[in-house]
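The structure appears below as structure tokens.
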2 protein chains.
Amino acid sequence: MKTALALFARNGIHATGIDTIVEQSGVTKKTLYAHFRSKEELVLAVLRQYDGLARNEFMRRVERGGETPRGRLLAVFDFAERWFQQNDFYGCLFINTIGEYSSKDTPIRQICQEYKKLVKGYIQELCVEAGASDPQSLAEELALLLEGATVTAQISQSPKIAKTAKRAAKALIDKATA
Amino acid sequence: MKTALALFARNGIHATGIDTIVEQSGVTKKTLYAHFRSKEELVLAVLRQYDGLARNEFMRRVERGGETPRGRLLAVFDFAERWFQQNDFYGCLFINTIGEYSSKDTPIRQICQEYKKLVKGYIQELCVEAGASDPQSLAEELALLLEGATVTAQISQSPKIAKTAKRAAKALIDKATA
DNA sequence: CTTTAAGTATACAGAATGGTATACATTATA
DNA sequence: TATAATGTATACCATTCTGTATACTTAAAG
């Protein structure tokens, strides 16, 4: 049900009408509004669900992608490359959503902020394990590379930018763990 | 006239109705449609105009911001910090727009792609001047940091991330010009 | 002075928006 | 078997969307 509602990812939230969701999901409008009181609540539910799924998948792949802490940090960008290669990759849902909601106090924004904070926190843990002299700074830098690679892959439609990010990440990690 | 139409930047394109634009700009609907045949044409015109302005401003500030090529490369991130601090900063218009238009062949996407390509090209010129061993790679890496800082500043609402990006940039530049 | 261009004001058309209501089918529990 | 919950199908409402048309004002150019 919610699954079909990832139309949001492709077309954006404002551009996706309730009717389209109803039509494509096979669910009836009545049922939809029985579960979610409004479109905003539906959006929130979708974002929250995706938040959990995406972070889980991210951590799982990173964990498997490297033996050493340093290897896991670099695996972040291997994960990114695979992500960018998916044919339903339309950039980061949270970044795209933030672009549609500028109001500072909407709960939608909060979810997006929270997601990014948690991802950065996870990267920071890896930095600690890798023995970085200043884990927080390194984590910020690597998160920057990841965000940058994500939007660049989205715009330029070329997943290979992940390799560039990985190369830069390597340099920054080496410098921070010298 | 077009100036008032930068409602797009704040609220996104799909969320901004023609009526709102007409109302806030003082221009009449008739006149608007005399200049632009459709909303899409208006969007294109706005993006194109902003493309020119933004790139100009960017290059001007970078040029003034540093004496040496290396200094100008770093000035990119000083520019970014000032940009992030503006109270009408809602992230990069082109990134936000791409998030709303996934269709590969819309001219709107092309403008966004072109903008990013030109900015990267300019950074690459600076990298050449700075004597980088592989200017293209360095430019890609620095562009990544800039994009990352932009979306991070937008989401976290804290302009200081520009300093983080600058620090990382310094490390990457040093490595590439050793 | 008159004509022509371009503006304002406003009403309207047709479709799509978010959201509600009615009528009927299914199913699980009491 | 009766009841209550949950789903489907569909029609509908008020509003807003993009885009057009009509009528009146202005102002510059011939």
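Quick one: count up the residues across segment B:1-45 that are closer than 16 Å to residue B:90 by Cα, within 12 Å of DNA strand D (Cβ to nearest atom) and either exposed (fewer than 12 other Cβ atoms within 10 Å of the Cβ) or within 12 Å of chain A (Cβ to nearest Cβ) (or both). Qualifying residue count, segment B:1-45: 8. Considering segment B:46-78, the residues that are among the acidic types (Asp, Glu) and farther than 20 Å from residue B:14 by Cα include one that is surrounded by the fewest Cβ atoms within 10 Å (Cβ to Cβ), namely B:67. Quick one: residue B:130 ticks every box in (1) more than 27 Å from residue A:96 (Cα to Cα); (2) of a type in the set (Gly, Ala, Ser); (3) at the interface with another protein chain (Cβ under 7 Å from one of its Cβ atoms) bar one, so which box is it? Residue B:130 satisfies all of (1) more than 27 Å from residue A:96 (Cα to Cα); (2) of a type in the set (Gly, Ala, Ser); (3) at the interface with another protein chain (Cβ under 7 Å from one of its Cβ atoms) except (3). Scanning segment A:19-31 for residues that are touching a helix residue (DSSP H, G or I) at 6+ places or on another chain (Cβ under 6 Å) and closer than 22 Å to residue B:15 by Cα turns up A:21, A:22. Within segment A:18-30, residues that are of a type in the set (S, T, N, Q) have Cβ atoms under 6 Å from residues that are part of a helix (DSSP H, G or I) and more than 10 Å from DNA strand D (Cβ to nearest atom) in these pairs: A:24/A:4; A:25/A:4, counting only partners at least 6 apart in sequence or on another chain. Return the pair list, or none, for Cβ contacts closer than 7 Å from residues in segment B:60-73 that are closer than 16 Å to residue B:174 by Cα to residues that are assigned to a loop (DSSP other than H, G, I, E, B), at least 6 apart or on different chains. Sorted first by the residue in segment B:60-73, then by its partner, the pairs are B:69/B:130; B:70/B:130; B:72/B:66; B:73/B:130. What do you reckon, is residue B:84 surrounded by 17 or more Cβ atoms within 10 Å (Cβ to Cβ), in contact with a Phe, Trp or Tyr (Cβ under 8 Å, 6 or more places away or on another chain) and closer than 30 Å to residue B:174 by Cβ? Taking the combined requirement at face value, the residue does not satisfy it. The combined condition, being under 22 Å from the mean Cα position of the chain (by Cα), more than 12 Å from DNA strand C (Cβ to nearest atom), over 30 Å from residue A:109 (Cα atoms) and not polar (S, T, N, Q), is fulfilled by residue B:61. For the condition within 13 Å of another protein chain (Cβ to nearest Cβ), part of a loop (DSSP other than H, G, I, E, B) and open to solvent by 10 Å² or more (accessible area, probe 1.4 Å), what is the one hit in B:158, B:137? B:158 is the lone residue from the list that is within 13 Å of another protein chain (Cβ to nearest Cβ), part of a loop (DSSP other than H, G, I, E, B) and open to solvent by 10 Å² or more (accessible area, probe 1.4 Å). Touching a residue at least 40 places away in the same chain (Cβ under 8 Å), within 15 Å of DNA strand D (Cβ to nearest atom), within 19 Å of the chain's Cα centre (by Cα) and open to solvent by less than 20 Å² (accessible area, probe 1.4 Å): is that true of residue B:91 in this structure? So residue B:91 fails the test.
The values are calculated or read from the model by the stated rules, or taken from the named source; none is laboratory data. These figures come from a predicted structure and were not determined experimentally. With ideal geometry, Cβ positions are generated from the backbone for all residues, glycine too; neighbour counts draw on all protein chains shown. The accessibility values were calculated without ligands, DNA or RNA, using every heavy atom of the protein model including side chains. Shrake-Rupley method; radii C 1.70, N 1.55, O 1.52, S 1.80 Å.
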